[in-house]
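This report concerns only the one structure given below.
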Amino acid sequence: SFGQTLRSDSCQTGRSQEAKGDVIIFLDSHTECATNWLPPLLDPIAQDYRTCVCPFIGVIDYETFAYRAQDEGARGAFDWEFFYKRLPLLEEDKKNMPEPFK
């Protein structure tokens, strides 16, 4: 029920079955979205509905509160222990980089 506390992954998988929209977006409670954050995520999905996307997540320094953007142009994969690993782009991917959204 909605009154009980659930782990984040339990909420996402359990409640996603009740979603009525075309796209489901999950955000952690500590997430702060910057201006125009959504179009770059929706564009690949609009081109192929089977696509799953993940944004670049910037870092806020815990001592200075300075914002630092993550490098653009990366890909990732999960290892056998299901840890996410960032990987460099392949040469063919570098040739087909999308234009930035404005």
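The values are calculated or read from the model by the stated rules, or taken from the named source; none is laboratory data. It should be emphasised that the depicted structure is a prediction, and the values quoted were computed from it without experimental measurement. FYI the Cβ positions are ideal-geometry reconstructions off the backbone, even for glycines, and counts take in every protein chain you see.
Brief remarks follow.
- Of residues in region 54-77 being modelled with pLDDT of 80 or more and among the aromatic types (Phe, Trp, Tyr), the one nearest to the chain's Cα centre (by Cα): Tyr67
- Looking across region 19-53 at every residue that is of a type in the set (Phe, Trp, Tyr) and surrounded by 10 or more Cβ atoms within 10 Å (Cβ to Cβ), the one that is modelled with the highest pLDDT is identified as Trp37.
- Listed by first and then second residue, the pairs linking a residue in region 23-41 that is assigned to a loop (DSSP other than H, G, I, E, B) and among the hydrophobic types (A, V, I, L, M, F, W, C) to a residue that is surrounded by 10 or more Cβ atoms within 10 Å (Cβ to Cβ) and at pLDDT below 85, with Cβ atoms under 6 Å apart and 6 or more places separating them unless they lie on different chains, are Ile24/Ser16; Phe26/Gln12.
- Within region 74-86, residues that are exposed (fewer than 10 other Cβ atoms within 10 Å of the Cβ) reach partners that are part of a loop (DSSP other than H, G, I, E, B) and charged (D, E, K, R) with beta carbons closer than 6 Å, at six or more positions or on different chains, in the pairs Lys85/Asp79.
- Any chance Arg7 is basic (Lys, Arg), loosely packed, with under 10 Cβ neighbours inside 10 Å and modelled with pLDDT under 85: yes
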